[in-house]
Amino acid sequence: MTYHETIDYLYSRLPVFHREGPKALKPGLGNTLRLCAHLGDPHTRFRSIHVGGTNGKGSTSHMLASIYAEAGYRVGLYTSPHLKSFTERIRINGQPIPETEVVQFVAHHRELIEEVSPSFFELTVAMAFDYFAREQVDLAIIEVGLGGRLDSTNVITPMLSLITNIGFDHMDVLGDTLPQIAAEKAGIIKPGVPVVIGEYLPETRPVFEQKASSEGAPIYWASDRFKVFDKGVTNELRQLVVSDLSGAGETVHSFSLDLLGGYQRLNIPALLQAVEILQETMPVTVQALQNGLSRTVSNTGLQGRFQTILRKPRVILDTAHNVPGMISLLESIRSIPHTQLRIVIGVVADKNPQPLIDLLPDDAHYYLCAANSPRSLPADRLASLFACNKLKYRLFNNVNSALEQCIYDSKSNELILVTGSNYVISEVNSLT
């Protein structure tokens, strides 16, 4: 099979979450362990950091990968979902897995695939682990797919676990209270393995404390240790000042990020805590840390995180798709001078969009669309909710026609935001 035939085979043969939603899930680690056993247990043959949480886990994973690459390590990075190409999910030092590797993996293991009948995600995890082991990476940054406890990535025993935050998302799978969701995320805490908690709430902290205690895992509360102050954007880099409150006196550090969303400041404490914990086994210089943060996009290829694709009018793409993410995104948007805000938006059908819509500013102009995915909520159904909220909107057949009209309607000093789901962002033509 060619590469495209191989991907079509996987999509047609295996349940795919980003197309089918929760019904594509196969909870539990059995299939992944079975695949890995057949491959010689590759997940035991490289060092790793496991990154989970409701929001920020993708950005944090990419920043960590960039930092350790700048420090001279050979770094694997596994993330999901992809925006344009399947190969985005599996990278080494920023380079996607070659298409030939994907073709050969599926061809060599087709009988196993059809015998085990894993989900698309389970197979992707096994493929990534096999590739990282064969390529002898020094370190792999592994992003959790959904939840943690039953996520396929949870077969690894990492050097360190990191949980960015807890918020309401995927409640139909993870639970409808924050402690329930936290318990699922805390499932990545392993016996004796340090765990870093980025942000916590009064109702989630006891969940993490209990799980860490039961596993004998040292726990670090990064937001109590590091305080981050946002100094805005200068020369296309977001400037942050970080106060380290440990030790005898306060220490101040300055960092520049090429991920421009103001919400990235929330990811920095956990990232810094993680690097410090691993300093003896995976040393990182201050220069590598600073370079890694200022070159994350170029080092890893990350897209869709407060990404500017046009200047006049300014067009920003962001994959925010849940309430905590949208709150942070809108906060960042408010910091950018503009005369009018226009928003191109589409959402998925298997989540209640009303809490997200309730957050949207009533003085913006909305361009409603649906991505070309079975999970997408039809634009006319989305429109009925916008009408109830008395928001100004127009309907479009697809993402790019909505964006084209939005740009046509805008003056140079206006601001355009494209958001609502990964699927909407993935269809923007200017992404490569």
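The values are calculated or read from the model by the stated rules, or taken from the named source; none is laboratory data. Fair warning: this is a prediction, and the values are worked out from it, not measured in the lab. Every residue, glycine among them, receives a Cβ derived from its backbone with ideal geometry; neighbour counts consider all protein chains shown. These area figures cover heavy atoms from the full protein model, side chains too; ligands, DNA and RNA do not enter into them. Shrake-Rupley method; radii C 1.70, N 1.55, O 1.52, S 1.80 Å.
Against the criterion of being aliphatic (A, V, I, L, M), under 20 Å from PHE120 (Cβ atoms), surrounded by 24 or more Cβ atoms within 10 Å (Cβ to Cβ) and in contact with a helix residue (DSSP H, G or I) (Cβ under 8 Å, 6 or more places away or on another chain), ILE97 does not qualify.
Each residue in the stretch 110-166 was checked for being assigned to a helix (DSSP H, G or I) and not hydroxyl-bearing (Ser, Thr, Tyr), and 22 of them qualify. With respect to the conditions (1) of a type in the set (A, V, I, L, M, F, W, C); (2) closer than 18 Å to GLY325 by Cβ; (3) without any contact (Cβ under 8 Å) to a residue 40 or more places away in the chain, ALA387 falls short on a single one, namely (2). Would you mind stating whether VAL241 is open to solvent by 30 Å² or more (accessible area, probe 1.4 Å), modelled with pLDDT of 95 or more and either within 21 Å of LEU272 (Cβ to Cβ) or of a type in the set (A, V, I, L, M) (or both)? Against the criterion (open to solvent by 30 Å² or more (accessible area, probe 1.4 Å), modelled with pLDDT of 95 or more and either within 21 Å of LEU272 (Cβ to Cβ) or of a type in the set (A, V, I, L, M) (or both)), VAL241 qualifies.
Being touching a residue at least 60 places away in the same chain (Cβ under 8 Å) and in contact with a Pro (Cβ under 6 Å, 6 or more places away or on another chain) is a property that PRO218 lacks.
Where residues in the stretch 159-173 are open to solvent by 10 Å² or more (accessible area, probe 1.4 Å) and closer than 25 Å to ASP224 by Cβ, which of them is modelled with the lowest pLDDT? Residue satisfying both the conditions and the ranking: ASP169. Listed by position, the strands (runs of 3 or more DSSP E) contained in the stretch 331-399 that have at least 1 residues being open to solvent by 90 Å² or more (accessible area, probe 1.4 Å) are 392-395.
Of all the listed residues (VAL207, VAL196, VAL233, VAL228), the sole one being modelled with pLDDT under 95 and within 24 Å of the chain's Cα centre (by Cα) is VAL233. The set of residues in the stretch 196-234 that are exposed (fewer than 15 other Cβ atoms within 10 Å of the Cβ) and of a type outside the set (A, V, I, L, M, F, W, C) comprises PRO202, GLU203, PRO206, GLN210, SER213, SER214, GLY216, PRO218, ASP224, LYS231, GLY232, THR234. In the stretch 406-432, the residues that are touching a residue at least 40 places away in the same chain (Cβ under 8 Å) and under 11 Å from LEU341 (Cα atoms) form Cβ pairs under 9 Å with partners that are among the hydroxyl-bearing types (Ser, Thr, Tyr) and surrounded by fewer than 24 Cβ atoms within 10 Å (Cβ to Cβ), at six or more places apart or across chains, as follows: LYS411/THR339; ASN413/THR339; GLU414/THR339; LEU415/THR339; ILE416/SER410.
If I filter the stretch 319-330 down to residues being outside any loop (DSSP other than H, G, I, E, B) and surrounded by 17 or more Cβ atoms within 10 Å (Cβ to Cβ), which single residue comes out as nearest to the chain's Cα centre (by Cα)? Top of the filtered list is GLY325.
Filtering the stretch 331-363 to residues that are of a type in the set (Val, Ile, Thr) and more than 22 Å from the chain's Cα centre (by Cα) leaves ILE336, THR339.
A quick yes/no check of all residues on (1) more than 27 Å from the chain's Cα centre (by Cα); (2) farther than 15 Å from ALA320 by Cα; (3) hydrophobic (A, V, I, L, M, F, W, C):
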{"position": "HIS365", "(1), (2), (3)": "yes, yes, no"}
{"position": "LEU368", "(1), (2), (3)": "no, yes, yes"}
{"position": "ASP380", "(1), (2), (3)": "yes, yes, no"}
{"position": "ALA383", "(1), (2), (3)": "yes, yes, yes"}
{"position": "VAL399", "(1), (2), (3)": "no, yes, yes"}
{"position": "SER421", "(1), (2), (3)": "no, no, no"}
{"position": "SER426", "(1), (2), (3)": "no, no, no"}
